[in-house]
Amino acid sequence: MINLKQAIRSIPDFPKEGIVFRDITTLLKNPEAFKASVDALCEHFADSGANVIIGPESRGFIFGAAMAYKMGLSFVPVRKPGKLPADTESETYELEYGTDSIEIHKDAIGPSSRALMIDDLLATGGTMQAACRLIERLGGEIVGIGFLIELSFLNGREKLKNYPIFTLVDYESE
């Protein structure tokens, strides 16, 4: 298998000094690396029993939609406030300095929904925790959570410890 970590560009001191940004655009422009990452996520979750994939804005759209297509499942986006046209359910979550919110269409999830949550990056876990709360509030069940990258030194898994989590690439330090 292709080395996915080598396909991800590290940019020091972005967006501020001391932070190493993990840039997936280099992986996305490499067809072999992009395909390998989608295939590996799909293979891992093939027997999850999912019938819908949920992807938070914006890079969750990239991997979630590709996986939904490959697995023959539906795809539901989770968006920032004000981006969805029909009735929505909202969840607010804590950031390092303040709060943020995400939304989903109220009719996107129901009691028969078995959701596979997919995003590009697990950092502190706040966004995915909020997305899981939305799915469960609407009656859905979370059957798994997948990420391309995990920044394990930020301990994001702690917020998601009640769910099965799978990541392809782990960075144990900045």
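Every condition in (1) loosely packed, with under 13 Cβ neighbours inside 10 Å; (2) over 16 Å from Met128 (Cα atoms) is met by Pro81 except one, and the failing one is (2). Restricted to the stretch 32-83, and to residues there that are hydroxyl-bearing (Ser, Thr, Tyr) and outside any strand (DSSP E or B), the residue that is farthest from Glu150 (Cα to Cα) is Tyr69. Criterion applied to Tyr97, Tyr93 was being touching a Ser or Thr at 6+ places or on another chain (Cβ under 9 Å), farther than 25 Å from Ala33 by Cα and surrounded by fewer than 21 Cβ atoms within 10 Å (Cβ to Cβ), and the one residue passing it is Tyr93. State yes or no: is Ala36 among the aliphatic types (A, V, I, L, M), out of contact with any Asp or Glu (no Cβ under 6 Å at 6 or more places or on another chain), buried (at least 18 other Cβ atoms within 10 Å of the Cβ) and in contact (Cβ under 8 Å) with a residue 60 or more places away in the chain? Here the answer is no, as Ala36 does not meet what is asked. Here Arg59 fits the description: basic (Lys, Arg) and closer than 30 Å to Pro81 by Cβ. Could you say whether any residue in the stretch 47-56 is over 14 Å from the mean Cα position of the chain (by Cα), free of Cβ contacts under 8 Å to residues at least 12 places away in the same chain and farther than 30 Å from Ser173 by Cα? Looking for residues that are over 14 Å from the mean Cα position of the chain (by Cα), free of Cβ contacts under 8 Å to residues at least 12 places away in the same chain and farther than 30 Å from Ser173 by Cα, one finds at least one in the stretch 47-56, hence yes.
In the stretch 127-169, the residue that is surrounded by the most Cβ atoms within 10 Å (Cβ to Cβ) out of those that are touching a Gly at 6+ places or on another chain (Cβ under 8 Å) and among the hydroxyl-bearing types (Ser, Thr, Tyr) is Thr167.
Matching residues to (1) of a type in the set (Asp, Glu); (2) at pLDDT 95 or above:
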position	(1), (2)
Ser58	no, no
Lys70	no, yes
Lys83	no, yes
Ala86	no, yes
Glu91	yes, yes
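Checking the stated criteria, Leu84 turns out not to satisfy the condition of being among the hydrophobic types (A, V, I, L, M, F, W, C) and closer than 28 Å to Gln6 by Cα. Of all residues in the stretch 109-125, those that are free of Cβ contacts under 8 Å to residues at least 40 places away in the same chain and over 14 Å from Gly60 (Cα atoms) total 3.
Taking the options Leu28, Leu41, Leu4, name whichever one is in contact with a helix residue (DSSP H, G or I) (Cβ under 8 Å, 6 or more places away or on another chain), within 22 Å of Val76 (Cβ to Cβ), surrounded by fewer than 21 Cβ atoms within 10 Å (Cβ to Cβ) and not polar (S, T, N, Q). Spell out how you get there, then give the answer.
On the way: Leu41 fails: surrounded by fewer than 21 Cβ atoms within 10 Å (Cβ to Cβ); Leu4 fails: within 22 Å of Val76 (Cβ to Cβ).
It is Leu28.
State all residues of the stretch 116-126 that are surrounded by fewer than 21 Cβ atoms within 10 Å (Cβ to Cβ) and of a type outside the set (A, V, I, L, M); if no residue qualifies, say none. If the condition is that a residue be surrounded by fewer than 21 Cβ atoms within 10 Å (Cβ to Cβ) and of a type outside the set (A, V, I, L, M), then Thr124, Gly126 are the ones that fit.
Restricting the stretch 100-115 to residues that are in a loop (DSSP other than H, G, I, E, B) and hydroxyl-bearing (Ser, Thr, Tyr), the residue that is surrounded by the fewest Cβ atoms within 10 Å (Cβ to Cβ) is Ser112.
The values are calculated or read from the model by the stated rules, or taken from the named source; none is laboratory data. Quantities reported herein were computed from a predicted structural model and do not represent experimental measurements. Using ideal geometry, Cβ is built from the backbone for each residue, glycine included, and neighbour counts are taken over all protein chains shown.
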